[in-house]
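Below is one structure, written out as structure tokens; the observations come after it.
Please treat every number below as a calculation from the coordinates, not as lab data. Note that the structure is a prediction, hence the values are computed from the model and not measured. Quick reminder, even Gly has a Cβ in these numbers, built from the backbone with ideal geometry, and neighbours come from all protein chains shown.
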Amino acid sequence: MKMKIGMCGSIESNDCLIVIKNNKENGNHIIINSIVGDFFYEQIYEVIAITLKEKNLNNVLVECTDKGALDYTIKARLLCAIERYLGE
């Protein structure tokens, strides 16, 4: 299987960098590295998981490097990365 990858965002303050690629295992896997992870890890995880479900994406690995982005920024970056991943 050819490795596909989609990426969007930055590691600037109040932004996040999202990388999405094929997951070698079954199911989705989400990795979050966040400067506010102690307080908002579950919220960030939920935004990513719900967005993947809305887009019917399975067997992907999502890496989120967060620098304090708000929910709508995380979702927008993920949607852009998904489009790039799918080649749309």
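List of remarks:
- Gained length - Glu12 relative to His29, 0.36 nm times residue gap less alpha-carbon distance: 3.7 nm
- Point-charge dipole on Cβ atoms (K/R +1, D/E -1) for the chain, about Cα centre, debye to 20: 460 debye
- Database remark: amide H of Ile30 closer than 5 angstrom to the amide H of Val62 (H placed geometrically; neighbours at sequence offset of 5 or more, or on other chains; Pro and chain starts carry no H).
- Convex hull volume of the C-alpha atoms in the chain, normalised per residue: 83 Å³.
- For the stretch 31-46, 3J(HN,Hα) computed residue by residue from phi via the Karplus equation (6.51, -1.76, 1.60; θ = phi - 60°) reads 10, 10, 10, 9, 5, 10, x, 4, 9, 10, 3, 4, 5, 5, 4, 5 Hz, glycine and proline entered as x.
- Rounded to the nearest Hz, the phi-derived 3J(HN,Hα) couplings of the stretch 17-26 under the Karplus curve 6.51 cos²θ - 1.76 cosθ + 1.60 (θ = phi - 60°) are 10, 10, 10, 10, 8, 4, 9, 5, 9, 6, where x marks glycine and proline.
- Lysine pairs with alpha-carbon atoms under 23 Å apart, the chain, spacing 8 or more or separate chains: 18
- The simple spin-label model puts a point 7 Å past each Cα toward its Cβ; for Lys21 and Ala49 those points are separated by 2.4 nm.
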